[in-house]
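The next block holds one structure in the form of structure tokens; read it before the comments.
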Amino acid sequence: MYSNGDKISEDRHFQDHIEHEVPVQIYLDQHHRDIGYVERVTQSFIKVNSTYYNRNLYTFVSRPGY
């Protein structure tokens, strides 16, 4: 499905990660900010670890096997 390190950005990517319980790593300006499971997806935000991350500010990376 996804390889370790694949950038994800589309709704279907995040829905796949929810459905298959694949963790994502979150970066801001190439600096690690968080890692966890996607809890919710909205048009503007991705919820991970009870925190909403703005989709336009953060980069989300697939981390299968983490």
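The values are calculated or read from the model by the stated rules, or taken from the named source; none is laboratory data. For clarity, every value in this text was computed on a predicted model and none was experimentally measured. Backbone-built Cβ (ideal geometry, glycine too); neighbour counts: all protein chains shown. Note: areas computed on protein heavy atoms with side chains; ligands, DNA, RNA excluded. Shrake-Rupley method; radii C 1.70, N 1.55, O 1.52, S 1.80 Å.
Scanning the range 1-17 for residues that are surrounded by 15 or more Cβ atoms within 10 Å (Cβ to Cβ) and modelled with pLDDT of 95 or more, we see that the one that is nearest to residue 52 (Cα to Cα) is 14. I'm trying to understand the selection: among the residues of the range 18-31, which are under 14 Å from residue 66 (Cα atoms) and either open to solvent by 40 Å² or more (accessible area, probe 1.4 Å) or of a type in the set (D, E, K, R) (or both)? Hits for the range 18-31 are 20, 21.
With respect to (1) of a type outside the set (Phe, Trp, Tyr); (2) assigned to a loop (DSSP other than H, G, I, E, B); (3) without any contact (Cβ under 8 Å) to a residue 12 or more places away in the chain, the lone exception for residue 12 is condition (2). Just one of the numbered conditions (1) surrounded by 12 or more Cβ atoms within 10 Å (Cβ to Cβ); (2) on the phi > 0 side of the Ramachandran plot; (3) not small (Gly, Ala, Ser) is not true of residue 64: (2).
The set of residues in the range 46-66 that are more than 11 Å from residue 14 (Cα to Cα) and aromatic (Phe, Trp, Tyr) comprises 52, 53, 58, 66.
Screening residue 58 against (1) at pLDDT 95 or above; (2) touching a helix residue (DSSP H, G or I) at 6+ places or on another chain (Cβ under 9 Å) leaves a single unmet condition, (2).
Residues in the range 22-31 that are within 19 Å of residue 6 (Cβ to Cβ) and in a loop (DSSP other than H, G, I, E, B): 22, 23, 30.
Taking residue 34, is it open to solvent by less than 100 Å² (accessible area, probe 1.4 Å), at pLDDT 95 or above, part of a helix (DSSP H, G or I) and acidic (Asp, Glu)? Answer is no for this residue.
Scan the range 41-55 residue by residue and report those that are part of a strand (DSSP E or B) and either at pLDDT below 95 or loosely packed, with under 12 Cβ neighbours inside 10 Å (or both). Selection gives 54 alone.
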